[in-house]
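Novice: First the structure, which I've put down as structure tokens, then a few questions once you've had a look.
Just so it is clear, none of the values below were taken in a lab; they were calculated from the coordinates. Everything numeric in this text was worked out from a predicted model, so none of it was measured. All Cβ positions, glycine included, derive from the backbone under ideal geometry; neighbour counts span all protein chains shown.
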Amino acid sequence: MKKAVMVFSGGIDSVCAAAHLSEQFDVYGISFLYGQRAGPEIESAKYFVDKIGMKQHHILDISFMESLYGKSNVLTDSKLSMPETFDYSIVVPVRNAIFLSISSAWAFSLGAELVAYGAHTGDTSYPDCRPVFTDAFENAMNLGESDGISSGIRRPIRIWSPYKEGISKSTLLKMGLDALGDDIFLTWSCYSGGDKQCGRCESCRNRKNAFNEAHIQDKTIYSTSSDF
């Protein structure tokens, strides 16, 4: 079967996307510790490796990035206040570019033809989720291995995301529910740390909205049960 490398955070988008891809690809997952406050997402990733049937899963510690990011964003600086609606302080500088670079190196080494991440059509506020970025990045990666590709030593890769296919978060959730059932409620979306997802941060709100739009009862256990 064809191979795909998946940037696998353990969040609901990457889990649902990986489950969808596993129908056509042998999926190789890669998760990153980059100093994020949302540590439980890695535990979520570990849980879903077997559920999805991944061929391999690596957790890479690049937490040195936390010191380089400094106070540039709220996801790696726990002293900054977490906004409840989108604010550019949520954007970690070129985070997806870093993840996709490492994942692409692995894909070229494996002979995989696809590198995937969970960006969807609701991620318009994030520059490194948009298809225009994905297309440019795919071109750059293949240029970086152009001699190997032309000689047949390497094979070209495609950078894929649900966003490139016009797939929304709510549609992605439906796909995940079909593939994994109620296990999707065990995914981690919250930007904050803690034993339970807060239900208030921008990511938790997006999660709740997507379930509402998909007409799926949200069985996620949040630390607060109040509406927005």
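Novice: Mind checking the dipole of the chain: about its Cα centre, +1 per Lys or Arg Cβ, -1 per Asp or Glu Cβ, Debye to the nearest 20? Intermediate values should be presented prior to the final figure.
Specialist: On the way: 22 positive and 27 negative charges, 14 e Å.
Result for the chain is approximately 60 debye, rounded to the nearest 20.
Novice: Right, something else. Pick from 188, 106, 160: which is most flexible by mean-square fluctuation in a GNM of the chain where alpha carbon atoms under 10 Å apart are linked?
Specialist: Highest fluctuation among the options: 106.
Novice: Now, a different point. Cβ under 13 Å from residue 79's Cβ, residue 79 left aside: what net charge do those residues give with Lys, Arg +1 and Asp, Glu -1?
Specialist: Numbers: positive: 37, 71; negative: 66, 77.
Value of the local net charge: 0.
Novice: Let me ask something else. What list of ³J(HN,Hα) couplings, whole Hz, do you get for the range 27-39 from phi and the Karplus terms 6.51, -1.76, 1.60, once you set θ to phi - 60° and write x for glycine and proline?
Specialist: 9, 10, x, 9, 10, 10, 9, 10, x, 5, 5, 7, x
Novice: Can you list the equivalent-ellipsoid semi-axes of the range 1-91, largest first and in whole Å, using the square root of 5 times each Cα gyration tensor eigenvalue?
Specialist: Whole-Å semi-axes of the equivalent ellipsoid: 28, 14, 11.
Novice: Given only helices, namely DSSP H runs of n ≥ 4 each adding -39500 (n - 2.57), what is the per-residue ellipticity at 222 nm of the chain, to the nearest 500 deg cm²/dmol?
Specialist: Working: 8 runs with 89 residues, N = 228.
Computed mean residue ellipticity for the chain: -12000 deg cm²/dmol.
Novice: Also, quick follow-up: What residues of the range 1-42 lie in the reach of a label at residue 56, counting those whose backbone N is under 20 Å from a point 7 Å from the Cα along Cα→Cβ?
Specialist: Zone members listed by number: 1-10, 18-19, 21-33.
Novice: Among 147, 123, 178, which one shows the highest mean-square fluctuation when the chain is modelled as a Gaussian network with alpha-carbon springs under 10 Å?
Specialist: Maximum among the listed residues: 147.
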